[in-house]
Amino acid sequence: MQIVMNILNYIWNLPENLIEPMEFLPEFLKDALIDSIGLIPFLFIIFVLIEVIEQYFTKKRHLFVFFIKKIGPLFGSLFASIPQCGFSVIASTVYTRRLLSRGTLISVYLATSDEAIPVLLTFPEKAPIILPIIAIKIIVAILIGYLVDFMFAYQAKEPVIDVKVPVEQQEGCCHHHLVNAAHTKDFWLHPLKHTLNIFAFILIISIFLSFLLSQVGDEESLAKYCLIGSPLQPLLMSIIGLIPNCAISVMLTMLFVKNIISFGSLLAGLCTSGGLGILVLLRKNGDKKDTSLILTILVFVGTITGLIFQYNIFGINNLFKIFGL
């Protein structure tokens, strides 16, 4: 055990030992490099585990389509909460064929956390809030999904188990195909590529934030410039969350880790962060009014959810005190 701890400690301190002697680098750049490089091995381990999960459920995709059509928002939200990058794409594709209800699709988007969970796992001091984030998003997704179906009465067609959904033609977050790759080099290449992509996002965001902090003085001052405590911050984050790119959820998470946005604002952004599923919806949904309605509902729900937790309405944050909220 001591040997393992020594190895982990060496890996953790290696970036600092390598970067700190480089006196030609400005301090803000050193800080960003040290913080970002140290996450690489942990990100890779996390994404290998996610790859295992995704490959397993990709094999069950027809069963997934069947149950998501039968049970709707309940199954969709529970399934989408699993960290992976294909469910929102599959749900959007099925929805454009009118085989899902509108509420079910919205529940999938609301429950999806994109890259937030893997990134939070690399910050031990913030990891405890992962469970509240998942639980809150699932509850909101289920309630809103059924409410939307009740109010708008936009129901799916009768499910047929042998409907062929061309998942093989869909691409995941890193432009990989959503097929079984367990026995190919892609099983390792995709987590590696995903790790490098997220590392690049984290590095760019960290450099930008470190530079801003070097200019304004401290995190508290930067947070004020970013409207922390203002009702506008959850609204702004929910709109930003709609951008269909995994860099957005990484940015939201890093802003929260740096105490620049509130927990409520993080929730607001993650509720609307449907990943590439939203891009599929924008491209393939022929009903533009329907697409606009879905995006409007996402922003409204994300903003309200963010405000409830930002201002501790009904004392709701007390339910999650054990997780450090």
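Every number here is computed from the coordinates shown, using simple stated rules; none is lab data. Since we're looking at a predicted model, the values are computed, not measured. Glycine gets a Cβ as well: all are built from the backbone with ideal geometry, and neighbour counts include every protein chain shown.
Contour minus end-to-end for F187 and V52, with contour as 0.36 nm per residue of separation and end-to-end as the Cα-Cα distance?
47.8 nm
For a paramagnetic label modelled at 7 Å from the Cα of A200 toward its Cβ, which residues of the stretch 92-121 fall within the zone defined by backbone nitrogen distances under 19 Å?
Residues 115-116, 119 fall inside that zone.
Once both labels are modelled 7 Å past Cα along the beta-carbon direction, what's the Q215-L18 spacing in nm?
Distance between label points: 2.9 nm.
Which pairs, out of K193/K284; K193/K258; K224/K284; K126/K289, put more than 30 Å between their alpha-carbon atoms?
Check vs 30 Å cut-off fails for K224/K284; K126/K289.
Going by how many other beta carbons lie within 10 Å of each one, how would you line up D114, D287, D35, fewest first?
Fewest-to-most ranking of D114, D287, D35: D287, D35, D114.
Run the numbers for K321 and L293: contour at 0.36 nm per residue of separation, minus the present Cα-Cα distance, in nm.
Answer, rounded to one decimal: 6.6 nm.
When Lys and Arg each count +1 and Asp and Glu each count -1, what net charge do the other residues less than 13 Å away from S273, Cβ to Cβ, add up to?
-1
Counting other C-beta atoms within 10 Å, which of T122, T253, T291 has the fewest, and how do the rest follow?
Listed from fewest to most nearby Cβ atoms, that is T291, T122, T253.
Ranked by Cβ crowding within 10 angstrom, fewest neighbours first, how are K321, K258, K284 ordered?
Ascending Cβ contact count within 10 Å gives the list K321, K284, K258.
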